[in-house]
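**Q** Pasting in a structure now, in structure tokens, and then I'll have a few things to ask.
The values are calculated or read from the model by the stated rules, or taken from the named source; none is laboratory data. Source: prediction; values computed, not measured. Cβ coordinates were reconstructed from backbone atoms using ideal geometry, including for glycine residues, and neighbour counts include every protein chain displayed.
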Amino acid sequence: MPLDEYQYALDLERPDHTSLGQFPAAMDWGPACECARFAALRAHNLVALPNTGEVTVEPAWEESRGEPHVGSVRVVLGGNGNGATAVNLPLTYFRAAAQQASRGLVAQKILQPREEFHYSVVAFRTPRSEPAKAKRAFTIEEVASPLIVKTASSRELFAQATPFGPAHAADVPLFVPQRVLDDAAALTRAAGADETAGVLIGHVCRDADDQVLFVEATDLIPAKHTRSELTAVTFTAETWTAAESAIRLRGGREIMLGWFHSHPAKFWCSPNCGPEARRECPLARSFFSGEDCALHRTVFPQAYGAALVVTHAEAGMRYAMFGWRHGLIVQRGFHVLNASRAVAEAISSEAIIGEKHEEACD
Ligand SMILES: [Zn+2]
């Protein structure tokens, strides 16, 4: 739990600037702290993700209007001898809280569903209370062992890699073998109308020459003991135990980098749709649902945590990768190793995130 001495609130307004009110924002700073830890790992040549060091979260005031108007959020991780690391998070970090507030307005019929609104953020210093730790009723043990960074060379990987999806300078390069995409597609096909899932494993690496971090996925472990339904898949404790023992058996000291799941969209399309409509079905668009975001936040909050979604559309398999950027879940680019020619058309570039996607197509 970071040190946070401010209470944040959101001012919501209509596009014509009429106010919709001010709403307190209960913030989840977990992904912000992970972002700072990973930034420290990238910047300071560490061999392991820093687990210790106090994290402070504070508002950076908007330049023109000043306090209490928030321009961005500054997250500072104490250095333990390595120098402090600071990251600035954009106002979009408050988007989920703003959407939450807007849902209340929709319920009260003040806003229409999907009606446009704008938000700005204010912050007020709260009287210093007891340290957050003392308020905790129980302590959550850190999951698994601390991340150890492997020294490797990215040069050979880049030589065999084809970049796909939206690239962003802030993202750590992520390499995925074509074989992993093929395995994910085979699992998706075999599951038919059900969703299926798996665990992406591999290494977080630091290049031996230029010291730049990159992530290499090595394999996909099919998730066992999941409960799968038509539109959701649930990981159970047994899923993780099985994945951990599979990693141990492989003996390659891999870690869980993220997860994969499928969207069997062609089975969601209405039986009344004709062949043309089936090809254009809006359900076949790549998306990362609110439930997907919640699962990703719970299970893979680490800044390198990745999520591969394979959409089984009428026209074939579509691939999209999601991950963390500045503490937010975004669609991200990735490099396919030994990419097959067919995969180029199958990478989705514009996925929907978080919002509710269409539930039916007719
Ligand atoms: Zn999903």
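**Q** Suppose we filter Gly192, Gly198, Gly251, Gly165 for residues that are more than 30 Å from Glu314 (Cβ to Cβ) and at pLDDT below 95; which single one remains?
**A** That would be Gly251, the only listed residue that is more than 30 Å from Glu314 (Cβ to Cβ) and at pLDDT below 95.
**Q** Let me ask something additional. From the list Ser245, Ser262, pick out the single residue that is part of a helix (DSSP H, G or I) and either within 16 Å of the ligand (Cβ to nearest atom) or assigned by TED's automatic domain parsing to the domain that holds His312 (or both). Explain how you work it out, then say what you get.
**A** Details: Ser262 fails: part of a helix (DSSP H, G or I).
Result: Ser245 is the single residue among Ser245, Ser262 that is part of a helix (DSSP H, G or I) and either within 16 Å of the ligand (Cβ to nearest atom) or assigned by TED's automatic domain parsing to the domain that holds His312 (or both).
**Q** Answer yes if at least one residue in the stretch 291-300 is touching a strand residue (DSSP E or B) at 6+ places or on another chain (Cβ under 6 Å), closer than 23 Å to Lys150 by Cα, in contact (Cβ under 8 Å) with a residue 60 or more places away in the chain and away from the ligand (no atom under 11 Å from the Cβ), and no otherwise. Step through it out loud before you land on a result.
**A** Let us first name the residues in the stretch 291-300 that are touching a strand residue (DSSP E or B) at 6+ places or on another chain (Cβ under 6 Å), namely 293, 296, 300.
Then drop every residue that is not closer than 23 Å to Lys150 by Cα, which leaves 300.
From the residues that got through so far, the ones that are in contact (Cβ under 8 Å) with a residue 60 or more places away in the chain too are none.
Looking for residues that are touching a strand residue (DSSP E or B) at 6+ places or on another chain (Cβ under 6 Å), closer than 23 Å to Lys150 by Cα, in contact (Cβ under 8 Å) with a residue 60 or more places away in the chain and away from the ligand (no atom under 11 Å from the Cβ), one finds none in the stretch 291-300, hence no.
**Q** Now for a different question. Could you check the stretch 273-290 and list, in sequence order, the residues that are part of a loop (DSSP other than H, G, I, E, B), more than 9 Å from the ligand (Cβ to nearest atom) and closer than 26 Å to His335 by Cα?
**A** Correct list: Arg285, Ser286.
**Q** Can I ask one more? Mind telling me which of the residues Ala303, Ala307, Ala294, Ala344 ends up being buried (at least 19 other Cβ atoms within 10 Å of the Cβ), outside any strand (DSSP E or B) and not hydroxyl-bearing (Ser, Thr, Tyr)?
**A** Ala303
**Q** I would also like to ask the following. If Val215 meets every condition in (1) farther than 19 Å from Val172 by Cα; (2) crowded, with 22+ Cβ neighbours inside 10 Å; (3) touching a Cys at 6+ places or on another chain (Cβ under 8 Å) apart from one, which number is that one?
**A** With respect to (1) farther than 19 Å from Val172 by Cα; (2) crowded, with 22+ Cβ neighbours inside 10 Å; (3) touching a Cys at 6+ places or on another chain (Cβ under 8 Å), Val215 is out only on (1).
Here is a yes/no grid of residues against (1) of a type outside the set (A, V, I, L, M, F, W, C); (2) in contact with a helix residue (DSSP H, G or I) (Cβ under 8 Å, 6 or more places away or on another chain); (3) outside any strand (DSSP E or B); (4) within 19 Å of Asp4 (Cα to Cα):
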{"residue": "Pro59", "(1), (2), (3), (4)": "yes, no, no, yes"}
{"residue": "Val70", "(1), (2), (3), (4)": "no, yes, no, yes"}
{"residue": "Phe94", "(1), (2), (3), (4)": "no, no, yes, yes"}
{"residue": "Ala97", "(1), (2), (3), (4)": "no, no, yes, yes"}
{"residue": "Arg103", "(1), (2), (3), (4)": "yes, no, yes, no"}
{"residue": "Leu111", "(1), (2), (3), (4)": "no, yes, yes, no"}
{"residue": "Arg114", "(1), (2), (3), (4)": "yes, no, yes, no"}
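Yes/no per residue for (1) surrounded by 14 or more Cβ atoms within 10 Å (Cβ to Cβ); (2) under 28 Å from Pro127 (Cα atoms):
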position: Glu5; (1), (2): yes, yes
position: Leu10; (1), (2): yes, yes
position: Ala26; (1), (2): no, yes
position: Arg37; (1), (2): yes, yes
position: His69; (1), (2): yes, yes
position: Arg74; (1), (2): yes, yes
position: Ser102; (1), (2): yes, no
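**Q** Sort out which residues of the stretch 172-199 are within 14 Å of the ligand (Cβ to nearest atom) and either within 25 Å of Thr162 (Cα to Cα) or hydrophobic (A, V, I, L, M, F, W, C) (or both), and write them in order of number. Steps first, answer last, please.
**A** Just the residues of the stretch 172-199 that are within 14 Å of the ligand (Cβ to nearest atom), to begin with: 184, 188, 191, 194-198.
The answer is Ala184, Thr188, Ala191, Ala197, Gly198.
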